[in-house]
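Chemist: This structure is in structure tokens; I'll ask about it shortly.
Nothing in this text is a laboratory measurement; each read-out follows from the coordinates by a stated rule. Given the structure is predicted, the values throughout are model-derived calculations rather than measurements. Heads up, the Cβs are rebuilt from the backbone with ideal geometry, glycines too, and the neighbour counts pull from every protein chain shown.
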Amino acid sequence: MAELVRFEVVDGIGVATLSNPPVNALSAALRAALFDAVKRAEADASVRALVIAAEGRTFIAGADISEFGKPPASPTLAELVAALDGCAKPVVAAIHAAALGGGLEVAMACTARVLGPKASLGLPEVKLGLLPGSGGTQRAPRLMGAVAALKLMVAGDPLPAKAAVEAGLADAVAEGDLVAAARAHAAGLADGKRSKPVSARDEGLGSREEFEAEAAKLAGRAKDEPQIADCIACVRACFDMPFVDGVAFERAAFLRLLDDPRSKALRHVFFAEREAAKIAGVPAGTKPREVKRAAVLGSGTMGAGIAMCFANAGIPVRVIETDAAASARGIERIRGTYEASVKRGSLTGEARDARMALIEGSVGLESAADADLVVEAIFEDLDLKKQVFATLDRVTKPGTVLASNTSYLDIDAMAAVTSRPGDVLGMHFFSPANVMKLLEIVRARHTSPEALATAAEIGRKLKKVPVVVGVCFGFVGNRMLAQRSRQAERLLLEGASPAQVDAALTGFGFKMGPFAMTDLAGLDIGWRVRKATGGRAPVADALVEAGRLGQKTQKGFYLYPQGARTGVADPDVDALIEKVASAEGVTRRAIDGDEILDRLVLPMVNEGARILEEGIAARPGDIDVVWLNGYNWPAWRGGPMHYADARGLSDIAARLSQFADQTGDESLRPAPLLARLAAEGKGFASLKAG
Ligand code: 3H9
């Protein structure tokens, strides 16, 4: 194994260089090696001071998150940080890149911090449901003041080098050789008067009143996110207790948070998103093709949004329509969306012009000839799409990736009409395409590894979260959503009101319930899909037939008087539901909130199990990533499959069986995979190990 810390002595200064790819996370082995280096520097009479430097893309990315939950191994991060703080010789951190979390805590325990121009310093623990747990909440306020430190912690975003120095978090930015500059700084400290350790600098905290005012602004977040409340309490402890007691206070809070299911869920999300980037069956090192120019077919809501994604990423894109009038309308639609951003102040006029300059409207599929990637976003009509793919096959150059944005149609059928099925796949964007982060990349039977790698790479360039899925009706996200929608309808017939159903999901953490969402999107959208696919939703159909299309008609599942954005319950809807229920022969009853929630969420988990069993998703974590990024599943609940694991699959299976018995709906019966794992006392996460 390569050396984790290389120690050398140059002109009386010890230099410990960390090398623990990919990100120098502070694993037990790295902590031990760095601890040894500190002790060695202390013991060596020829060493006057120590510099800690690192190789690779980060300085230190923090504690090794994969070790959380395992028994602590000595030296712990707290012990390492204490050794640095109490080191008999000055220690200077030479930070060339990101110093995050425990990485910044190590640096703050040093006597000084010298930065390279690309350094960034941050405490992102709150994003994992945690707080800095190795003295960070006690040292950052002593370096930069309590207000600035609290802001840094609760935002979780790093400060660039110059701002970090201005804030007092670091001492200098070195333009030339960073390690040489840090050595010179260390020699100066060894020769001159050594500054007090950060732990002893109580004078830097700033005004208590200003801190309390800042804390008060966070009251809303502190109520919902325990880590925010704990950050506030720990920074307050800097005013109220000596450093060592503050560190003990912080430690207790950290351990409490580490055990909190919300933090466990957020840590699961961190790894699931990174795992999803690895495409099963695509060998590492598969080279994506270069996409210099893109084309989007169709300039409706989806096509226009997708074209904007390319322009926003600086990629020239041609938006292709069937006639000049439609093309002009599409370009105007795009301009209008950018214009609204300029009005809101989220985009400058120059950025709008630069993006518009990358978008070219044109007519006829021939104008896709020079594109490296084509995304088809026309009507959901398989015959039409097949014609389009056959033409694209003829007019585009060899190697062009041909993608469909369909949300449920068969990509294999589109690939089959081309002479290059290896280049055909799905790129399913979510509405609004220029905003939503999820991108389902649909792997058809013959899609080549290069085409998949190209779509994933371009997805990341468009700032999306790509997840590879297989061909089936609705792919992963919409296929699971259909189960939820079906149960939501059933619950109305069985006795729940739209408001009760919506409240169950907003209480769970979704921003919106299914009926408020349908009202926003328009009931006609689902209605059209049902008509095309033979789907059934008697309540929603009756509403559409009564002219209630949602917010746009000021009435749908709710009433929207005078164009209100939040709906109010409508007795007419209750009456309509009762009528439909009796026509369907359903006897209505009172249903409690817990049952409503389980009837909505557990069938999704069940469908997720089928999706895994069929190989439509490669990993349970991929399903979670889909729901987190495409459907606003609350991150602190970790996604549907993590939620099921955390709750226990035997509970989930028992509840589903109960629902199947109670309703006679066999689709609610636990899927074979779910039943098997539940019987074995395992979770979906066990599937990762195979
Ligand atoms: C902490 O420090 C707590 C302390 O206060 C107290 C403790 C007592 N650990 O993101 P990437 C892996 S909490 C383990 O694709 P990038 C990652 O899984 C920590 N592994 O690269 C991936 O593995 P793989 C506070 C980690 O260049 C690989 O590295 N720190 C860690 O796009 C590459 O990751 C944070 O929250 C880690 N800490 O972005 C920072 N970090 O290749 C978390 C990364 O096998 N990390 N990995 O899939 C990040 O934000 C980004 O990874 C970073 C690099 C910006 C550093």
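Chemist: Compute from the Cα atoms of the chain the Rg and the Dmax, the latter being the longest Cα-Cα distance, and quote both in angstrom.
Modeler: 28.6, 92
Chemist: Using per-residue counts of other Cβ atoms within 10 Å, averaged over each peptide, order 146-154, 652-660 from highest down. Numbers along the way, then the final one.
Modeler: Values: 146-154: 23.3, 652-660: 19.1.
Packing order, densest peptide first, comes out as 146-154, 652-660.
Chemist: I need to check one value: relative contact order of region 157-266, counting alpha carbon pairs closer than 8 Å and at least 6 residues apart, in percent.
Modeler: Working: 32 pairs, mean separation 16.0, N = 110.
Relative contact order of region 157-266: 15 percent.
Chemist: Label Ala354 and Phe239 with points 7 Å out from Cα along Cα→Cβ: what is the distance between them in nm?
Modeler: 4.3 nm
Chemist: Where the only charges are on Cβ atoms (+1 Lys, Arg; -1 Asp, Glu), what is the dipole of the chain about its Cα centre, to the nearest 20 debye? Don't skip to the end; give the middle numbers.
Modeler: Numbers: 82 positive and 84 negative charges, 133 e Å.
So the magnitude is around 640 debye.
Chemist: Follow-up question, since we're still on this one. Quick check on packing: order 303-310, 24-31 by the mean number of other C-beta atoms within 10 Å, highest mean leading. Please list the in-between numbers first.
Modeler: On the way: 303-310: 26.8, 24-31: 20.5.
My ranking of the peptides, most packed first, is 303-310, 24-31.
Chemist: Provide the gained length on full extension for the span Arg588 to Asp323, in nm with one decimal, where the gain is 0.36 nm per separating residue minus the Cα-Cα distance. Don't skip to the answer; put the middle values down first.
Modeler: On the way: separation 265, 0.36 × 265 = 95.40 nm, distance 5.20 nm.
Computed gain between Arg588 and Asp323 is 90.2 nm.
Chemist: If you count, for each residue, the other Cβ atoms within 10 Å and average over each peptide, how do 628-634, 372-378 line up from highest to lowest?
Modeler: Details: 628-634: 21.1, 372-378: 24.7.
Put in order of decreasing packing, that is 372-378, 628-634.
Chemist: If you don't mind, another one. Once fully extended, how much extra length lies between Glu366 and Ala660, figured as 0.36 nm per residue of separation less the alpha-carbon to alpha-carbon distance? Walk me through the numbers on the way to the answer.
Modeler: Values: separation 294, 0.36 × 294 = 105.84 nm, distance 5.29 nm.
That pair, Glu366 and Ala660, stretches by 100.5 nm at full extension.
Chemist: Below 8 Å, C-alpha to C-alpha, sequence gap of six or more: please give me the relative contact order for the chain in percent. Intermediate values should be presented prior to the final figure.
Modeler: Working: 1302 pairs, mean separation 59.8, N = 690.
Computed over the chain, the figure is 9 percent.
Chemist: Counting just the Cα atoms, what span does region 294-471 cover along each of its three principal axes? Round to the nearest Å and put the largest first.
Modeler: Over region 294-471, Cα extents along the principal axes are 45, 33, 25 Å.
Chemist: Taking a cut-off of 18 Å between Cα atoms, list the lysines near Lys127, but don't count ones fewer than 8 places away on the same chain.
Modeler: Lys151, Lys223, Lys264, Lys437
Chemist: Further question on the same structure: If a/c stays under 1.5 just call it rounded; otherwise compare a/b with b/c (prolate if a/b is bigger, oblate if not). Do that for region 90-168, with a ≥ b ≥ c from the square roots of the Cα gyration tensor eigenvalues. Let's see the in-between values first.
Modeler: Details: a/c = 1.44, a/b = 1.33, b/c = 1.08.
In terms of gyration-tensor shape, rounded.
Chemist: I would also like to ask the following. Which residue, Gly664, Ser134, Gly585, has the largest displacement toward the positive end of the dipole of the chain when charges sit on each Cβ (Lys, Arg +1; Asp, Glu -1)?
Modeler: Of the options given, the answer is Ser134.
Chemist: Need the C-alpha centroid separation for region 1-49 versus region 313-385, integer Å.
Modeler: Here the answer is 54 Å between Cα centres.
Chemist: Residue farthest toward the positive end of the dipole of region 294-471, with Cβ of Lys/Arg at +1 and Asp/Glu at -1: which of Ala369, Ala390, Tyr408?
Modeler: Tyr408
Chemist: Leaving out same-chain residues fewer than 8 places away, which lysines sit with a Cα under 16 Å from that of Lys397?
Modeler: Partners within reach: Lys292.
Chemist: May I pose another question? Mind checking which aspartates and glutamates have their Cα closer than 15 Å to the Cα of Lys579? Skip sequence neighbours fewer than 8 apart in that chain.
Modeler: Straight-line reach from Lys579, under 15 Å: Glu489, Glu494, Asp541, Glu545, Asp570.
Chemist: While we're looking at this one, here's another question. Once R0 is set to 30 Å, what does the formula 1/(1 + (r/R0)^6) return for the Cβ-Cβ distance between Ala280 and Ala416, expressed as a FRET efficiency to the nearest 0.05? Kindly include the intermediate steps, with their values, before the conclusion.
Modeler: Numbers: r = 23 Å, r/R0 = 0.78.
That gives a FRET efficiency of 0.80.
Chemist: Please report how far the C-alpha centroid of region 637-688 lies from that of region 122-167, rounded to the nearest whole angstrom.
Modeler: What the calculation gives is 41 Å, centre to centre.
Chemist: Please check which bits of region 84-126 a label hung off Ala155 would reach, taking the label as a point 7 Å along Cα-to-C-beta and the cut-off as backbone N under 20 Å.
Modeler: Residues passing the 20 Å test: 97-105, 108, 115-126.
Chemist: Determine the calculated [θ] at 222 nm for the chain from helices alone, applying -39500 (n - 2.57) to every DSSP H run no shorter than 4 residues and normalising by the residue count; nearest 500 deg cm²/dmol.
Modeler: Computed ellipticity for the chain at 222 nm equals -15500 deg cm²/dmol.
Chemist: Using R₀ = 22 Å, calculate the FRET efficiency as 1/(1 + (r/R₀)^6) where r is the Cβ-Cβ separation of Arg528 and His446; round to 0.05. Walk me through the numbers on the way to the answer.
Modeler: Working: r = 31 Å, r/R0 = 1.39.
My answer for the efficiency is 0.10.
Chemist: Assuming R0 = 60 Å, what is the FRET efficiency of Asp36 and Glu613, from their Cβ-Cβ distance, to the nearest 0.05? Spell out each step's value before the answer.
Modeler: Working: r = 49 Å, r/R0 = 0.82.
The formula returns an efficiency of 0.75 here.
Chemist: Could I ask something else about it? Any idea how far apart Glu290 and Asp381 come out in nm if each label point goes 7 Å out from Cα toward Cβ?
Modeler: It works out to 3.9 nm between the two label points.
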